[in-house]
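The values are calculated or read from the model by the stated rules, or taken from the named source; none is laboratory data. Every value quoted in this text rests on a predicted model; they were computed, and no experiment measured them. With ideal geometry, Cβ positions are generated from the backbone for all residues, glycine too; neighbour counts draw on all protein chains shown. SASA here: full protein model, heavy atoms, side chains in, ligands and nucleic acids out. Shrake-Rupley method; radii C 1.70, N 1.55, O 1.52, S 1.80 Å.
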Amino acid sequence: MPTSINPTRRLLIKGIAAVCLLSATRVGFAAQAQMVAVRVWPSSTYTRVTLESNILLSYKQYMLTNPRRLVIDIDNLYLNSVFRGITTLVKAEDPYIKLIRVGQFNTKTVRLVIELKQDVNPNLFTLKPISEFKNRLVIDLYPVQKNVADEDPLVALLEEFNKGSLDDNDPAVVNQPIVKDRNKIVVVLDPGHGGEDPGAIGYYKTREKDVVLQIARRLRDLLVKEKNITVHMTRDEDVFLPLRVRVEKARALRADLFISIHADAFTKRNVKGSSVFALSTKGASSSAANYLAQTQNEADEIGGVSRSGDHYLDHTILDLVQTITKSNSMVLGSTVLNKMKHVNTLHNSRVETAGFAVLKAPDVPSILVETAFISNLNEEKKLKTAAFQNQIAKAMLDGIKEYVKLRKN
Ligand SMILES: [Zn+2]
């Protein structure tokens, strides 16, 4: 709960207290919570409801049946038009939510009722303000029933992440036996950001999370045609995934290579061009690389993860990173960069290095491709076109094929 009240507010409260002593004592001096934004992010993986407020919300949750529903009572809150609007945000195709109701339960409590289509594991947590976001109460609804035929380890990894067990050096999901065709190269594509985290937003309001998903899908469609390649994506919908979960999904799928796809913003609009990054544990190769790694690593806080202080593979594990993974990452970076120079100017003609959290799989050669800068007006326009997206995808395909010939086993 907030402890500070600004002087004007304090005066106002004193004034009210003078008029009505009784209620002032009961209400106390806590600032009034106010809902400033509400969002619903449906996806097949999980559905997220985000309640954004001026101060931290205090709440209680109950799971009830007939009908199957999740009830959340939020204290010290009056229902306003923003919160009322949540009832209209539920989509018919939402796999988990049937409808949402909201009402003033008593003078100081608002009750939110989420009616469900199937049994869910709810995960509620709050997030402190970051970037343009104020305080957030996040309600994630995960499926209880897993599809047995579904070999995607994503939901299991998210569960481990929420329990905190992904912090182990070797998460259970990664150790699960997997039938792997030794003759096939497993490629995992990672479209950056998603869901609550839009990534960078261009001048014309183009969202990074959308264009990178489009590019990744185009590249996937090219890769499926290759006989010696199996391709997976960390996400194929508008869903937020923690960075660590992306890395562990690649490991669980026994990936031979991992490509994270981005189109970030820089502080200056004239900065343009494509670049490719590999992991460095010893600092960044340039200040721009350092800036991008820092903004990328903030994605978890912006998108929202339930546990503060989630740490990535720490230095002791990174010391174990096989030199072969590192050198293969550099080879992959160079072959991709080499092909990209034919379709866009290069921001840097060499593979750059920085401490990107999403590249920290100890055993999977990994690169992060900045396809173009969404902060540059020209590149933002290009990023939206099918023609440029196809060119970038084709260049990455050719880079991957070249890498497969050169890599060391
Ligand atoms: Zn990005």
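At a glance:
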{"read-out": "Some residue of the range 163-173 being under 28 Å from Y59 (Cβ atoms), of a type outside the set (D, E), modelled with pLDDT under 95 and not in a helix (DSSP H, G or I)", "value": "yes"}
{"read-out": "N297 vs. criteria within 14 Å of the ligand (Cβ to nearest atom) and at pLDDT below 95", "value": "yes"}
{"read-out": "Test for R84: is it surrounded by fewer than 17 Cβ atoms within 10 Å (Cβ to Cβ), in contact with a Ser or Thr (Cβ under 8 Å, 6 or more places away or on another chain), outside any loop (DSSP other than H, G, I, E, B) and modelled with pLDDT of 95 or more", "value": "no"}
{"read-out": "Tally of residues being surrounded by fewer than 24 Cβ atoms within 10 Å (Cβ to Cβ) and closer than 13 Å to M396 by Cα across the range 341-367", "value": "4"}
{"read-out": "Subset of the range 179-201 [touching a residue at least 60 places away in the same chain (Cβ under 8 Å), away from the ligand (no atom under 16 Å from the Cβ) and among the acidic types (D, E)]", "value": "none"}
{"read-out": "Breaking point among (1) of a type outside the set (D, E, K, R); (2) touching a residue at least 40 places away in the same chain (Cβ under 8 Å); (3) under 15 Å from E115 (Cα atoms), for A92", "value": "(2)"}
{"read-out": "Any pair with Cβ under 6 angstrom, 6 or more apart, that starts in the range 336-353 at a residue that is within 15 Å of K382 (Cα to Cα) and ends at one that is open to solvent by 70 Å² or more (accessible area, probe 1.4 Å)", "value": "V343/Q391"}
{"read-out": "L158 being within 20 Å of D236 (Cβ to Cβ) and either part of a loop (DSSP other than H, G, I, E, B) or within 16 Å of the ligand (Cβ to nearest atom) (or both)", "value": "no"}
{"read-out": "From the options L257, L243, L253, residue that is more than 16 Å from the ligand (Cβ to nearest atom), at pLDDT 90 or above and open to solvent by 10 Å² or more (accessible area, probe 1.4 Å)", "value": "L253"}
{"read-out": "Only one of D236, D264 that is under 22 Å from G399 (Cβ atoms), in a loop (DSSP other than H, G, I, E, B) and within 16 Å of the ligand (Cβ to nearest atom)", "value": "D264"}
{"read-out": "Pair list, Cβ under 8 Å, 6 or more apart: the range 217-241 residue of a type in the set (S, T, Y), other residue in a loop (DSSP other than H, G, I, E, B) and surrounded by fewer than 16 Cβ atoms within 10 Å (Cβ to Cβ)", "value": "T230/D181; T230/K184"}
{"read-out": "Tabulated pairs, the range 366-378, first in contact (Cβ under 8 Å) with a residue 24 or more places away in the chain and of a type in the set (S, T, N, Q), second within 10 Å of the ligand (Cβ to nearest atom) and not in a helix (DSSP H, G or I), C-beta under 8 angstrom, 6+ apart or interchain", "value": "S366/S260; T371/I261; T371/H262; T371/A263; S375/A200; S375/D264; S375/A265"}
{"read-out": "Test: residue in the range 122-143 that is open to solvent by less than 60 Å² (accessible area, probe 1.4 Å), within 27 Å of K163 (Cβ to Cβ) and in a loop (DSSP other than H, G, I, E, B)", "value": "no"}
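The rows are residues; the columns are (1) exposed (fewer than 13 other Cβ atoms within 10 Å of the Cβ); (2) over 25 Å from V343 (Cβ atoms).
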| position | (1), (2) |
| --- | --- |
| N162 | no, yes |
| D170 | yes, yes |
| V179 | yes, yes |
| G199 | no, no |
| G202 | no, no |
| E208 | no, no |
| I215 | no, no |
